[in-house]
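Each remark here refers to the structure printed beneath this line.
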């Protein structure tokens, strides 16, 4: 077993009282105190079009060998560009097919997807990833066709 | 303008052959600008005692005014029992499970109707009760009107 710590802090002078959040998460296997012991490594990818592409595809033996959704995994993604107006969208859904996207209220289609949010230059995110669901490929879509550099890493059991 | 700074440091001495240390720090800005976000929901603490799926950020109207404005969501499972978890989902699509002490920090686009963010405790957590904290920092959050 490994010990992986993810220390998060958020400080702000927002509002009249400001806000401070500090949390040190030790990444553990599902329902246990045993640490996660697998990772993809830090992947760096440059995208040169505004096409939507799958960053990670769900399922065993693909990228993160997370066979069932009772396993634990954490996904870190960062936009390492420097232009504050450029971003890429991050979403969850079935594999990109190039076909028109269907609204996520559609129950079970090949193009069902949901947008989580946008990572502008320098932004990062960390989420748990239900990598076993067939709706949970992770896709990204750059806002510009010039180089968009993405870094990501998955920690899993 | 407010200044809000998020930092994340991931470290491990024994995950791989060499020590892992990964750090990111970023000021949170309005979409496409270098102007800081100025609004927040504040930090909310809930004590949940049922497995009912709850909207912590609500179902949006058909054309949300906050669509594509920048927003950040932080959710933390404050439980200490490692078997207690909450499932976090958006628009009924699972993002993943937050086990005891776990958190997430992610952008939120408020893209369209039904893009609500939900949490669901597991049965053992609900039977004992589970504390969850969450907040959003944003440049414009769309709330449903009384008619929605």
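Some values worked out for this structure:
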{"read-out": "Shape of chain B, Cα gyration tensor, a/c cut at 1.5", "value": "oblate"}
{"read-out": "Cα centroid separation - the range B:11-63 against the range A:1-42, whole Å", "value": "11 Å"}
{"read-out": "Exercise: per-residue mean of other protein chain Cβ atoms within 10 Å, B:54-60", "value": "0"}
{"read-out": "Partner chain coverage, peptide A:34-41 - average Cβ within 10 angstrom", "value": "2"}
{"read-out": "Length gained when the stretch residue B:33-residue B:47 is fully extended (0.36 nm per residue, less Cα-Cα span)", "value": "1.3 nm"}
{"read-out": "Ranked A:77, A:150, criterion: other C-beta atoms within 10 Å, fewest first", "value": "A:150, A:77"}
{"read-out": "Mean ellipticity per residue at 222 nm, deg cm²/dmol - from DSSP H runs of n ≥ 4 across chain B, formula -39500 (n - 2.57)", "value": "-1000 deg cm²/dmol"}
{"read-out": "Shielding by other protein chains, B:18-25, mean Cβ within 10 Å", "value": "4"}
{"read-out": "Burial order of peptide ranges A:39-50, B:65-76 (average beta-carbon count within 10 Å, highest first)", "value": "B:65-76, A:39-50"}
{"read-out": "Max mean-square fluctuation residue, GNM over chain B, Cα-Cα springs under 10 Å, options B:11, B:35, B:25", "value": "B:11"}
{"read-out": "At 0.890 mPa s and 25 °C, Stokes diffusion of the protein assembly as shown via Kirkwood alpha-carbon radius, µm² per second", "value": "127 µm²/s"}
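Since every read-out is calculated from the coordinates, none of them should be taken as a lab result. Since the model is a prediction, treat every value here as computed from it, not as a measurement. Positions of Cβ are generated from backbone atoms using ideal geometry, with glycine treated the same way; all protein chains shown enter the neighbour counts.
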